[in-house]
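The values are calculated or read from the model by the stated rules, or taken from the named source; none is laboratory data. In this text the structure is predicted, and so the values were computed from the model without any measurement. All Cβ positions, glycine included, derive from the backbone under ideal geometry; neighbour counts span all protein chains shown. Side chains included, ligands, DNA and RNA excluded: accessible areas come from the protein's heavy atoms. Shrake-Rupley method; radii C 1.70, N 1.55, O 1.52, S 1.80 Å.
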Amino acid sequence: MEQYYFQTQKMCVGYDGKPIIKDIEITLPKGEILTLIGPNGAGKSTVLKSIAGQLRLLDGVVYLGKELLSEMSGNERAKKISVVFTDRLQTELMTCREVVATGRYPYTGRFGVLSKEDERIVDEVIALVQITDICDQDFRKISDGQRQRVLLARAICQEPELLILDEPTSYLDIRYQLEFLSVLQEMRKKKGLTVIMSLHELELAKRISDKLLCLKGAYIDRYGTPAEIFNDRYIGQLFDIPKSSLKQIDSTLLAYVEQIETW
């Protein structure tokens with residue numbers, strides 16, 4: 001257990017006692033980014049929700065460091081794991097800043113009163129995710145892309161060790177996709193943040209990930225580094241895409257993606 005920060009053993013996930021994916025084995029050192037890829041309906045969200053504890057495991061275990069996630073209390077888990085899923089957050093008359101500040105609740109006690117240190121962290125994260133210009137707006141009235149950035153800020157405010165994201169760039173244009181992912185890279189470098197996420201954008205997944213988990217069918221199809229995963233033959237098989245189509249990558253996207261490494 002000691003050499004890996006996150007590890008699953010024989011993890012089986014599904015619904016109502018019916019397995020969808022079996023024998024999921026993941027080993028991830030602290031500070032690395034793991035991205036789940038695969039066709040729609042392959043079970044990416046199910047795996048993420050099972051890791052996050054929102055779905056009960058059908059079999060197997062998940063370790064965070066030396067601890068079993070199943071034996072951690074809700075508050076302990078909230079201090080170590082943040083999640084951003086595609087489900088709509090229900091808010092009532094809350095500004096974006098107030099939504100971000102809810103990320104501090106695991107540390108504030110039962111009354112949710114923020115200390116000066118909590119306020120400082122909220123301000124710091126708002127600046128980091130570049131949402132200062134909308135922090136006083138009603139969360140319900142901003143765009144989907146802006147909501148996604150606010151929810152990322154809330155997750156970072158928890159100061160997690162592990163961040164779980166389900167399609168975090170879905171509502172973002174190219175510029176904000178790259179800004180979003182550059183924030184993750186900065187957090188992993190500065191604070192050793194470990195990230196497990198799903199992405200549809202294969203070129204982004206290739207550039208930002210340390211490891212990739214490929215889902216197709218009842219078992220993991222492949223697990224490895226981008227160099228091991230990304231070749232025309234395998235990706236074409238995973239997504240049932242003709243080889244000729246894989247060559248038609250938008251050159252504008254590639255130009256933007258290459259900026260990640262310099263940001």
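A count restricted to the range 17-46 and to residues that are farther than 18 Å from Leu57 by Cα, open to solvent by 40 Å² or more (accessible area, probe 1.4 Å) and among the hydrophobic types (A, V, I, L, M, F, W, C) stands at 0.
Aliphatic (A, V, I, L, M) and either at pLDDT below 90 or in a helix (DSSP H, G or I) (or both), is that true of Val99? When the stated conditions are applied, Val99 passes them.
Exactly one condition in (1) under 22 Å from Glu186 (Cα atoms); (2) open to solvent by 80 Å² or more (accessible area, probe 1.4 Å); (3) assigned to a helix (DSSP H, G or I); (4) modelled with pLDDT under 95 is not met by Asp133; state its number. Status for Asp133: all satisfied but (4).
So which of Ser45, Ser82, Ser50 ends up being free of Cβ contacts under 8 Å to residues at least 40 places away in the same chain and either at positive phi or not aromatic (Phe, Trp, Tyr) (or both)?
Working: Ser45 fails: free of Cβ contacts under 8 Å to residues at least 40 places away in the same chain; Ser82 fails: free of Cβ contacts under 8 Å to residues at least 40 places away in the same chain.
Every option except Ser50 fails the conditions.
Scan the range 16-55 for residues that are more than 25 Å from Asn75 (Cα to Cα) and hydroxyl-bearing (Ser, Thr, Tyr) and report the count. If you could, list the steps in order and put the result at the bottom.
Going through the range 16-55, the residues more than 25 Å from Asn75 (Cα to Cα) turn out to be 16-25, 35-44.
Now narrow it down to the ones that are hydroxyl-bearing (Ser, Thr, Tyr): 35.
Summing the residues that are more than 25 Å from Asn75 (Cα to Cα) and hydroxyl-bearing (Ser, Thr, Tyr) in the range 16-55 gives 1.
Listed by first and then second residue, the pairs with beta-carbon distance under 7 Å, at least 6 apart or on different chains, first residue in the range 198-227 and under 23 Å from Thr86 (Cα atoms), second acidic (Asp, Glu) and crowded, with 20+ Cβ neighbours inside 10 Å, are Ser198/Asp166.
Go over the candidates Met94, Met72 one by one and state the one that is surrounded by 14 or more Cβ atoms within 10 Å (Cβ to Cβ) and closer than 30 Å to Tyr15 by Cα. Walk me through how you get there before you give the answer.
Values: Met94 fails: closer than 30 Å to Tyr15 by Cα.
Only one candidate passes the filter, namely Met72.
Across the range 85-130, the number of residues qualifying as of a type in the set (Gly, Ala, Ser) and at positive phi comes to 2.
Inspect the range 51-60 for any residue being over 24 Å from Ala218 (Cα atoms) and either at pLDDT 90 or above or exposed (fewer than 14 other Cβ atoms within 10 Å of the Cβ) (or both) and give the result as yes or no. It would help to see each step written out before you state the result.
Step one: list which residues in the range 51-60 are over 24 Å from Ala218 (Cα atoms), which gives none.
No: the range 51-60 contains no residue that is over 24 Å from Ala218 (Cα atoms) and either at pLDDT 90 or above or exposed (fewer than 14 other Cβ atoms within 10 Å of the Cβ) (or both).
In this structure, is Ala153 small (Gly, Ala, Ser), surrounded by fewer than 15 Cβ atoms within 10 Å (Cβ to Cβ) and in a helix (DSSP H, G or I)?
Working: small (Gly, Ala, Ser): yes; surrounded by fewer than 15 Cβ atoms within 10 Å (Cβ to Cβ): no; in a helix (DSSP H, G or I): yes.
So Ala153 fails the test.
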